[in-house]
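Encoded as structure tokens, the structure appears first; notes follow it.
The values are calculated or read from the model by the stated rules, or taken from the named source; none is laboratory data. Not measured: the values here are computed from a predicted model. Here the Cβ is made from the backbone with ideal geometry for all residues, glycine too, and neighbour counts use every protein chain on show. Note: accessible area is taken over every heavy atom of the protein model, side chains too, but ligands, DNA and RNA are not part of it. Shrake-Rupley method; radii C 1.70, N 1.55, O 1.52, S 1.80 Å.
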Amino acid sequence: MDFSITYITAPLLGGVIGYITNYIAIRMLFRPHTAKYIFGMKVPFTPGLIPKEKGRIAEAIGGAISQNLMNHDVLNRYLLSEDMIKKVRHAVELFFDKQKNNQETVAEFLKHYISEEELQGIVASVNTNITSQVYYKLSDSEVGMNVAHIVVESAVEKMKRMNPVEVLGGLFSGLGGLKAIAAKYAGASLWNKFFTMLQSPAEKLLAKNINGMLQKNGEEIVAKMIGNETQTLMNTPVALLLKDKDEQIAQIVKMMESVYSTVISEHLPRILESINISKIVRERINEMGMDETEKLIYEVMSRELKAIELLGALLGMIMGSINLFFF
């Protein structure tokens with residue numbers, strides 16, 4: 001009977017000791033959080049290993065994540081994979097499909113992403129910039145000359161196509177004999193020469209008036225026109241804006257794919273360099289209190305740490321059983 005109890009108690013006791021030993025060892029990784037002293041002498045193994053080496057651990061983890069997990073090659077390979085490109089394309093297509101049925105106005109839609117004040121500021125800025133650019137172009141003296149040339153040339157061409165005898169005859173119909181004289185001497189050649197000679201001074205006179213009008217009232221006219229167009233756009237339903245625009249939407253989707261690929265391939269190195277992942281991880285770990293650090297590690301590795309404790313119990317039982325054969 002005593003021999004049977006020994007066969008039971010030895011492995012059982014070894015298991016309990018092994019479990020407790022590993023349990024204490026794991027807790028000593030974290031505790032105590034600070035060094036302990038007795039009669040001015042530092043108690044061995046205080047603080048725990050992780051609190052003692054927290055700075056070095058933070059440095060190592062930050063470097064490992066930066067160099068092996070979040071480096072340019074790894075992210076580039078993942079973010080530019082065909083699967084990720086398809087996800088980006090699908091996300092953009094889903095966005096536009098949803099907006100095709102969106103009855104909100106453009107202004108209402110934009111307010112989901114920016115405030116009313118920001119929207120008004122953007123609209124005002126756009127109006128001002130476009131007005132400035134358009135007015136700058138219109139204030140050029142060449143604009144008045146070009147407009148005058150088109151108008152006068154069109155009028156001259158119409159006049160040249162008219163029958164000079166009928167026109168002059170009609171003008172002098174009330175003057176008796178002058179009608180006959182006009183009809184006699186009027187000819188196509190003389191008629192054309194007259195309007196050709198008249199074209200240049202007419203263009204200069206008209207250009208001068210157009211430029212004067214633009215300089216005086218052009219900016220106000222352009223500002224009102226641009227403001228009206230912008231307001232019309234802001235009040236347009238998103239669905240109406242996208243109606244029958246499938247081809248343009250497809251081009252936008254392709255453009256977004258291209259922009260995404262360009263940003264990742266050309267700008268990712270600079271983005272990673274500016275972010276400095278290693279520094280962020282290191283500083284975040286150092287900022288965490290030991291209670292928070294211990295809780296985080298247990299949340300991530302609770303099963304593994306529990307397995308170590310149970311492994312201690314198993315090894316203790318094995319060692320307890322072995323002792324029965326040698327002692």
Does L305 satisfy being over 30 Å from H72 (Cβ atoms) and open to solvent by less than 70 Å² (accessible area, probe 1.4 Å)? yes
Looking only at residues in segment 32-57 that are loosely packed, with under 15 Cβ neighbours inside 10 Å and in contact (Cβ under 8 Å) with a residue 12 or more places away in the chain, which one is nearest to L310 (Cα to Cα)? L49
How many residues of segment 236-253 are surrounded by 12 or more Cβ atoms within 10 Å (Cβ to Cβ) and in a helix (DSSP H, G or I)? The answer is 9
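Let me confirm something: among L272, L233, L268, L314, which residue is over 37 Å from the mean Cα position of the chain (by Cα), at negative phi and assigned to a helix (DSSP H, G or I)?
Checking each option against the conditions leaves just L314.
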Would you mention how many residues in segment 93-116 are polar (S, T, N, Q), assigned to a loop (DSSP other than H, G, I, E, B) and under 19 Å from the mean Cα position of the chain (by Cα)? 1
What's the number of the condition F96 fails, among (1) of a type outside the set (A, V, I, L, M); (2) surrounded by 12 or more Cβ atoms within 10 Å (Cβ to Cβ); (3) in contact with a strand residue (DSSP E or B) (Cβ under 9 Å, 6 or more places away or on another chain)? (3)
Filter segment 64-92 for residues that are surrounded by fewer than 15 Cβ atoms within 10 Å (Cβ to Cβ) and farther than 18 Å from L268 by Cα; the one that is farthest from the chain's Cα centre (by Cα) is A64
